[in-house]
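No lab work stands behind these numbers, since they all come straight from the coordinates. Computed from a predicted structure; not experimentally measured. Quick reminder, even Gly has a Cβ in these numbers, built from the backbone with ideal geometry, and neighbours come from all protein chains shown.
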Amino acid sequence: MRNGIQILIGIVVTVVVIAIALARIAFEIIGISTAPDDFALLQQRMPDITRWLFSTPWWVPTFLLLAASAAAAWLIWSGTRKTASEQVSEHAGLSDEEVRALIDKHLQAAAPSGAAVKDADIHRLDERIAELAGKVNFTRGIADATASQFEKLAREFSEQTERWTDWTRQHTESNHNRFKNVDGGFRAIHDRETIARLAEEVRDSAKWLVRPRRGEKVEDWSAWEARRLAWLSKVSDYCDVAEHYIPDVRNKICVITARDLQGDWPEERGLFPSDDAVIAYRTVATTVANFVHEDVRVKKCVASFAFQSPSMKGIRAS
């Protein structure tokens, strides 16, 4: 096999060298100066050559290829046969026993005993196997370390992602609540004006309802009762707005106990047509007193929601 490769390489090198030499000789004979003209002429004739090549039947180039291959094979075979015959001719005078003895001598000189060869091969295989095992173990160690590192990185990434998710959720909720509270602050400004208007109306109506405290007698108690109901409606509207800021303000103003109505009152009994009128009057007077007291607290609270860090305070929903 090695001789065949050497012969093939020799043939290729020889062909290349001969081609270069012939090209150089052709340039020397024809002249290097005419080479561009010859190349231009070749380009002009290339279409004709190409048309001839493609118009040639398929069996023509096949036959030429087979003929060239057969010639090359014959040259290689004839050269090899000639070399073998020359080597054999050197020992033409030896008998068969002498030839076999010469072959054995060369084999014994070239290689050790069969057992030694076998042991050496086994030893080399063992060394190779040990080397491969070491590489496998080293690669396995790197793979395990890499897998462990990737697992650690994945765990850290998961933990970091969870922390970022929690942080984002908390801050999103916080910002949402703060913007909602800012909206509540604008609402508190509006409610502040509404509460001030309703408080003024409640106070004005209460002045007429508590006239007996000033010693004035109410001539028409049916009219007084009608105005009392209208006044209670305004008080209720006031409490509807104020409850957003002070949840128990309605109870503080409107819940009147029997104990609150007892005791000595400065109003004379003759100013009232009946006991029911006395109770109604005292209920209104007590409600007015509670209203005046709670109105101060309500206005302070609404102002706080409207103007003092409104984003940090939440207003009750309607």
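Quick look at the values:
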quantity: Vicinal HN-Hα couplings computed from phi for the range 146-160 (Karplus, 6.51 cos²θ - 1.76 cosθ + 1.60; Hz; Gly/Pro x); calculated: 5, 5, 5, 5, 5, 5, 5, 5, 5, 5, 5, 5, 5, 5, 5
quantity: Distance between modelled label sites at Arg214 and Thr168, nm, 7 Å Cα→Cβ extension; calculated: 6.8
quantity: Value of relative contact order over the range 184-312, rounded to a whole percent, pairs C-alpha under 8 Å and six or more apart; calculated: 44
quantity: Inter-probe distance in nm under a simple model that places probes 7 Å from Cα toward Cβ, at Glu201 and Leu271; calculated: 2.7
quantity: Length released on extending from Asp248 to Arg297, taking residue separation times 0.36 nm less the Cα-Cα span; calculated: 16.5 nm
quantity: By average C-beta atoms within 10 angstrom, highest first, the peptides 204-210, 155-161; calculated: 204-210, 155-161
quantity: Cα→Cβ-extended label distance, 7 Å offset, between Ala289 and Leu229, nm; calculated: 2.7
quantity: Förster radius 25 Å - calculated FRET efficiency between Leu132 and Lys152, Cβ distance, rounded to 0.05; calculated: 0.25
quantity: Neighbour cut-off at most 10 other Cβ (10 Å), DSSP loop, GluC sites (Glu not before Pro), the range 221-308; calculated: Glu268
